[in-house]
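Undergrad: A single structure is presented below for examination.
The numbers here are math on the coordinates, done by the rules we state, and not lab data. Fair warning: this is a prediction, and the values are worked out from it, not measured in the lab. Glycine gets a Cβ as well: all are built from the backbone with ideal geometry, and neighbour counts include every protein chain shown.
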Amino acid sequence: MDAKKSIEALQFFATGLTEGALVHKLQGQIFKSQGFNKLGQKYIDHFNEEMEWVEKFNDRILDLGGEVKFEGAKTRALIANPVEYIKADLDIQKAGVDLLYKCCETLISDPTTYDIMKAYLADEEEDLYWSQGALDMIECVGVQNWLFTQV
């Protein structure tokens, strides 16, 4: 097992996920302020779920004898239009899932970290499928009808 490689992977995803989680929280607040309470709450709940993953990553870093770091978040634009946000988030999710698949391949020699990352990958795939499904539903029923379901 290469503990250093595991720690680097966990720190990389903890940093990126913290950033993404904060964006989800802010987007949820924006959507709630627009009256889309269900959509807003979905993203606020998503923030909480993602921070639980960050906690798992940090716990594993500490178990491996590593040092947890807080690395600054990048600036990201917030998007007021719910549909445009889901499209933008889907692009990020696709890239993230691809990156997770590659990362998991490198962690096979560390079964504990591998299992954590594999579970996180499954969770991220579920989020990706939700976004794809939402966009398919929007195409099927129309933006206004879909937005009405998010009130």
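To keep it simple, each residue is scored yes or no on (1) in contact (Cβ under 8 Å) with a residue 60 or more places away in the chain; (2) closer than 18 Å to Glu50 by Cα; (3) part of a helix (DSSP H, G or I).
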| residue | (1), (2), (3) |
| --- | --- |
| Leu99 | no, yes, yes |
| Lys102 | no, no, yes |
| Ser109 | yes, no, no |
| Thr112 | no, no, yes |
| Ile138 | no, no, yes |
| Gln144 | no, no, yes |
| Leu147 | yes, no, yes |
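Undergrad: Something else now. Return the only residue of Gln93, Gln150, Gln144, Gln132 being farther than 14 Å from Ala9 by Cα, of a type in the set (S, T, N, Q), out of contact with any Gly (no Cβ under 6 Å at 6 or more places or on another chain) and loosely packed, with under 11 Cβ neighbours inside 10 Å. Working first, answer last.
TA: Working: Gln93 fails: loosely packed, with under 11 Cβ neighbours inside 10 Å; Gln150 fails: loosely packed, with under 11 Cβ neighbours inside 10 Å; Gln132 fails: loosely packed, with under 11 Cβ neighbours inside 10 Å.
Being farther than 14 Å from Ala9 by Cα, of a type in the set (S, T, N, Q), out of contact with any Gly (no Cβ under 6 Å at 6 or more places or on another chain) and loosely packed, with under 11 Cβ neighbours inside 10 Å holds for just one of Gln93, Gln150, Gln144, Gln132, which is Gln144.
Undergrad: Ok, one more. Identify all residues within the stretch 108-117 that are surrounded by 14 or more Cβ atoms within 10 Å (Cβ to Cβ), closer than 22 Å to Ala21 by Cβ and not β-branched (Val, Ile, Thr); write none if there are none. Give the derivation first.
TA: Initial filter on the stretch 108-117 (surrounded by 14 or more Cβ atoms within 10 Å (Cβ to Cβ)): 110, 113-114, 116-117.
With the extra rule that they be closer than 22 Å to Ala21 by Cβ, the set shrinks to 113, 116-117.
Met117, the sole residue that qualifies.
Undergrad: What residue, of Ala9, Ala14, Ala21, is touching a residue at least 12 places away in the same chain (Cβ under 8 Å), touching a Cys at 6+ places or on another chain (Cβ under 6 Å), assigned to a helix (DSSP H, G or I) and within 20 Å of Glu124 (Cα to Cα)? It would help to see each step written out before you state the result.
TA: Details: Ala14 fails: touching a Cys at 6+ places or on another chain (Cβ under 6 Å); Ala21 fails: touching a Cys at 6+ places or on another chain (Cβ under 6 Å).
Step by step, each of Ala9, Ala14, Ala21 is checked, and only Ala9 is touching a residue at least 12 places away in the same chain (Cβ under 8 Å), touching a Cys at 6+ places or on another chain (Cβ under 6 Å), assigned to a helix (DSSP H, G or I) and within 20 Å of Glu124 (Cα to Cα).
Undergrad: Mind checking which residues of the stretch 27-63 are closer than 21 Å to Val151 by Cβ, touching a residue at least 40 places away in the same chain (Cβ under 8 Å) and either part of a loop (DSSP other than H, G, I, E, B) or among the aromatic types (Phe, Trp, Tyr) (or both)?
TA: Passing the criteria: Phe31, Gln34, Gly35, Phe36.
Undergrad: Can you tell me which of (1) free of Cβ contacts under 8 Å to residues at least 24 places away in the same chain; (2) in a helix (DSSP H, G or I) is the one Ala77 doesn't meet?
TA: (2)
Undergrad: When the residues of the stretch 14-65 are filtered to those that are aliphatic (A, V, I, L, M) and within 21 Å of Asp115 (Cβ to Cβ), which remaining residue is surrounded by the fewest Cβ atoms within 10 Å (Cβ to Cβ)? Steps first, answer last, please.
TA: Step one: of the stretch 14-65, the residues aliphatic (A, V, I, L, M) are 14, 17, 21-23, 26, 30, 39, 44, 51, 54, 61-62, 64.
Of the ones still in play, those that are also within 21 Å of Asp115 (Cβ to Cβ) are 14, 17, 51, 54, 61-62, 64.
Details: Ala14: 22, Leu17: 18, Met51: 16, Val54: 19, Ile61: 22, Leu62: 13, Leu64: 16.
Ranking the qualifying residues of the stretch 14-65, first place goes to Leu62.
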